[in-house]
Amino acid sequence: MKLKFFPVHLFFVVLVFAAAPVVAQQGQDLDLYLLIGQSNMAGRAPLDDSSKLTDSRILMLDKSNNWVPATDPLHFDKPDVVGVGPGIAFAREILRNSAGRRIGLIPCAVGGSPIRVWEPDSTYLNGLHPYDDAIRRAKIALGRGRLCGIIWHQGESDNNTAGAAVYMEKLKILIRRLRTDLKTPALPFVAGEIGYFAKSTPINQVIDRLPGVVANTAVVSAEGLTDKGDKTHFDTRSARELGRRYGQAMIKLEKGPGGLGIGGVLIQNIFARQEVSLDGRWNYIVDPYENGYYDYRHQPYDQSASGTGGFFDDKKPADRNELVEYNFDLSPTLKVPGDWNSQEDKLLYYEGTVWYRRIFSASPKQGRRYFLYFGAVNYEAHVYLNGKKLGMHKGGFTPFEFEVTGKLKDGDNTIVVKADNTRKKDEIPTVNTDWWNYGGITRDVMLASAPATFISDYKVQLAKDEPGRIEGFVQLDGEGANGGVGSGERNSSGVGGQEVMISIPEAGVHQTVRTDGSGRADVSIPVKKLNYWSPENPHLYAVTLKAGADAINDKIGFRTIQVKGQDILLNGKSVFLRGISIHDENPLIPGRNRGEGDLRMLLNWAKELGCNYIRLAHYPHNETMIRLADEMGLMVWAEVPVYWTISWENADTYANAQKQLTDLITRDKNRAAVIIWSIGNETPISEPRLSFMGRLATQAHTLDNSRLISAALEVHRKGNEAFVDDPLGEKLDLVSFNEYAGWYWGDRLTDLPNYHFTIKYDRPVIITEFGGDALAGFHADAGTKFSEEYQEELYRYQLQMLKGIGALRGMTPWILTDFRSPRRQHPVYQNFWNRKGLISETGQKKKAFFVLKDFYEEIGKKYAQ
Ligand code: GCB
């Protein structure tokens, strides 16, 4: 018996034979899809051995509205005849493309139902209400996640001339109604053709027109699919292939113009693929009323029938009589990368939309693929190429890209970006932070290119706690990715598949692996002694990966990081993390860091302070920053902006946080410097928050089990006793918390040594923040707040106090440099600057800098012994 396995794109996945227990775990973690239509959606193909397999990431809402592991038959419309349908293959295809999601399927198809019964109040067969039942179940499902799309397979019952004539009108109404009733106006909707084996298929001609008629819809073809012998229903292979096609179409919609900004797979090591840098000066238009996006009835131009009318048209009047009320050519320019606030006085406090435009020349070559890449745009970006929308992305600090193969013109091309930094309650971060909400295209933009089949992702790192084994995977993308191995099959025999070569000449590694049906090849290479990466010896190996026409080079360090009792072990040896917190801001500009020079300046300061470690607060920093840390020998704490009071109970908010965490880990997983993934900062204890953060912790561990997971927690106090007992601590590898003794606690500094910390968890302790403000150059006695002397004394007392924590293994005081913050309003000392920096906005080192430097020198020596 040959078991067929389905595509696997994650680092770990659980495939087990179903015992179908009710899934107890609750939360808001599921990406929900509604499955509706008639028999071929319900599934009529014969079950086989692989029908019994379940995947821990795919659940279904069963007949009694419980969440259970999904297995065929998914549906229950006609228990005697239900079998394999497209649902499970659909979910697997989605997961193959976006690691880390969890899918909840809502089966609601009804065999035999014509489209006319998919209406409110319509009854069908024995008291079924296809439409009302689907809405009711979808609403129940919404308690477990957010609705991401609908797949619809229906038409056999309307497949005649009369039925086809009215079908489109009915389908349009159905889609509109579903979107309205489910409160998601642009909800992706994928329809499918009925099997070509039916005698004639007039209905398919109507279904095929759908994407041209209703926005954010797609149709999957039934070409090449076969029936099970009854000329009506798909056989098992075809039902699954149909599901895979639905999955692909859904992913395209999710990534595309009307997408929710959640799709998208990141290309590893994108800088090695740069074709044209699009950094430089871009024309811009400030648009506080989003005039270039909405018409005067507040309908988005890019969702209109023509898809035109917005500033993304970059329109020029045909003659002097034509009215066009904007003009990019005559508009001023901003530098990219760079925030707008620091470049234009009148934009210092601006929050809203700014349109950017850039014209560039390209000469696309046949057979190559092209990607438009953005390092970061804060916060929501809508991107258009030559007037057509490529898609939308949310999240101000993570990269994203759109494939533009076939969309690029030979010659001049126009990119327009709507960048909107409006703060919103349900986003990540939320409305309230202690940093400047810099807007705009803040990191590099480029056109990247790759061969038709290329290495889209890889991980080459030491296996967890194993200094003698390199482990990871290589993922190919493109037609030749699986080298002919059947779609979805595992390549356990190591034959067939596309050959991938991994070489690390300096380590004597030359290995060939072969891809499976999903284009992925697992890597496991025993190695003898390596030159291990550490801050003292930041050794990086040249690594080359080759597959077919593609080759890519990287520089990768190898080290292990572990927790043992109260120790943090780097390459098996106990280390003390001599750190400092850093924002992605150059205080001298002042604004977001704009390039490698700015980043090097910050890291050199950290080195001067004696650091071997940095906390990149409070969001993902530039990829170049992590690469420099790799090169300069600084261990890194990398974080996502789950900061303070997030909307813990909102499924979309969770999905957003999870996506940002996934993208961070995906991007930086090959950097030895990163030793800790942080899932958030100072989040207030509550049940919903515990569930939210707990799921993020699990997600981080699942995506990368070779690093430590943590979060900056809070303490609470009773008198001189400070308690660290946040229940989230159970899920973290380290105890890390912020404490502001001597500053917000308002005590006299001389009281500090009397404080005692009661810490619930027996693990290494890292203080993620302490500090106080000082205005550089303001000198007074050590009892005067905001003076350099006060800050200096505060550091002395803090260090003395912290030495009392036996498990103390590191710290990242707050913060390397002063930084801009709208929350800091003292007119003399602050003036919109958070003054807790050890270095001022003019680059002047404050007195406390030297206290910490001395401490690091002393503790560095101690740990070197
Ligand atoms: C904190 C926050 C940090 C603030 C800092 C402060 O606890 O994590 O983002 O900037 O305190 O200065 O108050």
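The values are calculated or read from the model by the stated rules, or taken from the named source; none is laboratory data. Since the model is a prediction, treat every value here as computed from it, not as a measurement. Please note: Cβ atoms are built from the backbone with ideal geometry, for glycine as well, and neighbour counts cover all protein chains shown. Just so you know, the surface numbers come from the protein's heavy atoms only, side chains and all, with ligands and any DNA or RNA stripped out. Shrake-Rupley method; radii C 1.70, N 1.55, O 1.52, S 1.80 Å.
Per-structure values
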read-out	value
For the range 71-200, size of Cβ-based charge dipole, Lys and Arg +1, Asp and Glu -1, in debye	680 debye
Residues whose placed amide H lies under 5 Å from that of LEU577, excluding near-sequence neighbours	GLY810, MET811
Å² of accessible area per residue within the range 431-539, as computed with a 1.4 Å probe and no ligands counted	37 Å²
Mean Cβ count within 10 Å, highest first, over the residues of peptides 716-726, 588-598	588-598, 716-726
Global form of the range 258-395, assessed from the alpha-carbon gyration tensor, a/c cut-off 1.5	rounded
Placed amide H near HIS583: partners under 5 Å, 5+ positions off or other chain	LEU816, THR817
The range 406-413 - phi-based ³J(HN,Hα) in whole Hz, Karplus 6.51/-1.76/1.60, Gly and Pro as x	x, 9, 7, 9, 6, x, 6, 10
1.4 Å probe accessible area per residue over the range 554-701, in Å²	23 Å²
Overall dimensions of the range 534-575 by Cα: Rg and Dmax, Å	15.3, 49
Per-bin percent of Cα-Cα distances, the range 546-625 [5 Å]	3, 11, 16, 17, 17, 13, 10, 8, 3, 1
Solution diffusion estimate, µm²/s, Stokes-Einstein, the chain, Kirkwood Rh from C-alpha pairs, 37 °C, viscosity 0.692 mPa s	114 µm²/s
FRET E, pair ASP345, ASN291, Förster distance 35 Å, beta-carbon r, rounded to 0.05	0.95
Per residue accessible area of the range 109-153, 1.4 Å probe, in Å²	36 Å²
Computed over the range 709-801, Cα set: Rg, Dmax in Å	14.5, 45
Computed E for LYS718/LYS803 - FRET, C-beta separation, R0 22 angstrom, nearest 0.05	0.50
Lysine pairs in the range 496-615 with Cα atoms under 28 Å, if 8 or more residues apart or on separate chains	14
Within the accessible area of the range 589-705 (1.4 Å probe), percent carbon and sulfur	51 percent
Nearby lysines by direct alpha-carbon distance to LYS659 (threshold 16 angstrom, same-chain neighbours under 8 apart not counted)	LYS255, LYS394, LYS669
Charge sum, other residues only, whose C-beta stays under 15 Å from VAL68's C-beta, Lys/Arg counted +1 and Asp/Glu -1	+3
Cβ crowding within 10 Å averaged over residues, with 334-342, 526-534 ranked highest first	334-342, 526-534
Cut-off under 5 Å, modelled amide H: who pairs with ALA70 long-range	ASP55, ILE58, LEU59, MET60
Proximal aspartates and glutamates relative to LYS63, as straight alpha-carbon distance under 17 Å, when same-chain residues fewer than 8 apart are discounted	ASP72, ASP77, ASP80, ASP132, ASP133
Ranked packing of 476-483, 422-429, 43-50, most packed first, by mean Cβ within 10 Å	476-483, 43-50, 422-429
Derived scalar couplings ³J(HN,Hα) [the range 354-366; Karplus, 6.51 cos²θ - 1.76 cosθ + 1.60; whole Hz; x for Gly, Pro]	10, 8, 10, 9, 9, 10, 9, 9, 9, 9, x, 9, 3
³J(HN,Hα), Karplus 6.51/-1.76/1.60, whole Hz, each residue of the range 513-518, x for Gly, Pro	10, 10, 7, 9, x, 9
Å³ per residue enclosed by the Cα convex hull of the range 395-510	248 Å³
Distance from the range 844-858 to the range 671-722 (C-alpha centre basis), Å	28 Å
Charge dipole magnitude, Cβ of K and R +1, D and E -1 - the chain, Cα centre, debye nearest 20	900 debye
Rg to Rh, two decimals, where the range 754-865 supplies the alpha carbon set and Rh follows Kirkwood	1.01
Å³ per residue enclosed by the Cα convex hull of the range 346-451	100 Å³
Cα-based reach from LYS718 at 16 Å (exclusive), listing aspartates and glutamates while leaving out same-chain residues under 8 positions away	ASP726, GLU739, ASP747, ASP751
FRET efficiency for LYS139 and ARG209, using Cβ-Cβ distance with R0 set to 35 Å, rounded to 0.05	0.70
